[in-house]
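Down below is the structure, laid out as C-alpha cells.
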Amino acid sequence: MTQLVLPIRLADHAVFDSFYGNGNEPLLATLLELATDAHADSGYGCWLWGSASTGKTHLLQAVCDRAGDRSVYVPLSMFAEAGPAILEGLASRELVCLDDIDVVAGDTDWEAALFDLCNQVFDVGSQLLVTAHSAPRECPIRLADLASRLSRLPAFHIQALNDEQRIEALQLRARHRGLELPGETARYLLKRSRRDMSSLYELLDKLDLEALRAKRRLTIPFVRDVLQLSGSR
C-alpha cells in the first residue's frame, strides 16, 4: 500500500499510552480494536465529539500511529481552504480519520465530496473515524444524504476532566516524557495557568525543556521561577 501524499506529521506524544482515558474507557476500547484490526466488527467506524482540548486530535493520531500505513489522518481545519480534492483516494485506506469535520460542514462542495467518500469507504468495508465539537445531530451539515451516512457511526462523547483528573493526566504525560511531576507541583500549575489541557500540556513541554537546560527537577520553586521569567502567572 503506498502512502498518500499529505503534508501531515503525527505528534510524537499522540499515542494511546499517553492518553488519560478515565471516563472514556468504551471509546478507547473501540479505537484500540479498530487500530489493531479495522475489520474487527461490522461497524462503519465512529464519531468522536467533545469540547476543545478534550483529546479528539490526540486519539485520531494515536489510531494512525498504531495502525500505520493502513490509516490516513486528515485535519480538515488545515485543508479547508485547499478544497475537497484532497479527499480523493482516501478510501484506499482501511481507516480514514477526519479531524474537525464541523469546520467544513455547510460548504456545498465539501459536503458533496464527503458524501462520495462515505459511500466509497462503506462500500469497500473500510472504517471512517470523525471528530467534531458536537454530536452528529447537532453538526451543521446541510446535505441530508451525508447526514444520513454519518448517522451510521456510533457517537462517543469525550468527557472533560475534573481538576484531580487534570493532575493525573499531566503526570501521565510527564512520565511519558521521562519526567517526574509531583502532585503538589501539578496543583501549583493548575492554579497559575489556563486550565484547558492543551495549555497545560504546552506549559509542561516548556518546563521540560527548561528543566533539561537547568538540570533541575520540577519542584514548585523551579516552576515558579520559570513562570515568573516567562510572564506566565
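The residue that is surrounded by the fewest Cβ atoms within 10 Å (Cβ to Cβ), counting only those in the range 15-47 that are aliphatic (A, V, I, L, M) and modelled with pLDDT of 90 or more, is A29.
Which one is farthest from R224 (Cα to Cα) among residues in the range 175-197 that are without any contact (Cβ under 8 Å) to a residue 12 or more places away in the chain and outside any helix (DSSP H, G or I)? Going through the qualifying residues, I end up with G178.
Only one residue in L128, L117, L143 is farther than 30 Å from P182 by Cα and in contact with a Cys (Cβ under 8 Å, 6 or more places away or on another chain). Which one?
Going through L128, L117, L143 in turn, just one is farther than 30 Å from P182 by Cα and in contact with a Cys (Cβ under 8 Å, 6 or more places away or on another chain): L128.
When restricted to residues that are assigned to a helix (DSSP H, G or I) and surrounded by fewer than 20 Cβ atoms within 10 Å (Cβ to Cβ), the range 160-174 contains 6. Condition check for Q159 on (1) at pLDDT below 95; (2) farther than 20 Å from H58 by Cα; (3) out of contact with any His (no Cβ under 8 Å at 6 or more places or on another chain): one failure, at (2). Applying the criterion of being among the small types (G, A, S) and modelled with pLDDT of 90 or more to the residues of the range 162-198, the residue that is nearest to F115 (Cα to Cα) is A169. Taking the range 169-199 as the range and being of a type outside the set (G, A, S) and within 20 Å of T57 (Cβ to Cβ) as the test, the residues that pass are L170, L172, R173, H176, R177, R194, R195, D196, M197. Note on the range 8-25: among residues that are in contact (Cβ under 8 Å) with a residue 12 or more places away in the chain and not in a loop (DSSP other than H, G, I, E, B), the one that is nearest to L87 (Cα to Cα) is F16.
Mind checking whether some residue in the range 109-116 is surrounded by 16 or more Cβ atoms within 10 Å (Cβ to Cβ), within 20 Å of T54 (Cβ to Cβ) and touching a helix residue (DSSP H, G or I) at 6+ places or on another chain (Cβ under 9 Å)? So far as the range 109-116 goes, no, none of its residues is surrounded by 16 or more Cβ atoms within 10 Å (Cβ to Cβ), within 20 Å of T54 (Cβ to Cβ) and touching a helix residue (DSSP H, G or I) at 6+ places or on another chain (Cβ under 9 Å). Restricted to the range 48-57, and to residues that are over 13 Å from L129 (Cα atoms) and surrounded by 18 or more Cβ atoms within 10 Å (Cβ to Cβ), which residue is modelled with the lowest pLDDT? Across the range 48-57, the extreme among qualifying residues is S53. In this structure, does R66 turn out to be buried (at least 17 other Cβ atoms within 10 Å of the Cβ) and touching a strand residue (DSSP E or B) at 6+ places or on another chain (Cβ under 6 Å)? Criteria not met by R66.
For A211, only one of the following conditions fails: (1) in contact (Cβ under 8 Å) with a residue 12 or more places away in the chain; (2) loosely packed, with under 13 Cβ neighbours inside 10 Å; (3) of a type in the set (G, A, S). What is its number? Evaluating A211 over (1) in contact (Cβ under 8 Å) with a residue 12 or more places away in the chain; (2) loosely packed, with under 13 Cβ neighbours inside 10 Å; (3) of a type in the set (G, A, S) leaves (2) as the failure.
The values are calculated or read from the model by the stated rules, or taken from the named source; none is laboratory data. Predicted model only: the values in this text are computed from it and were never measured. Cβ coordinates were reconstructed from backbone atoms using ideal geometry, including for glycine residues, and neighbour counts include every protein chain displayed.
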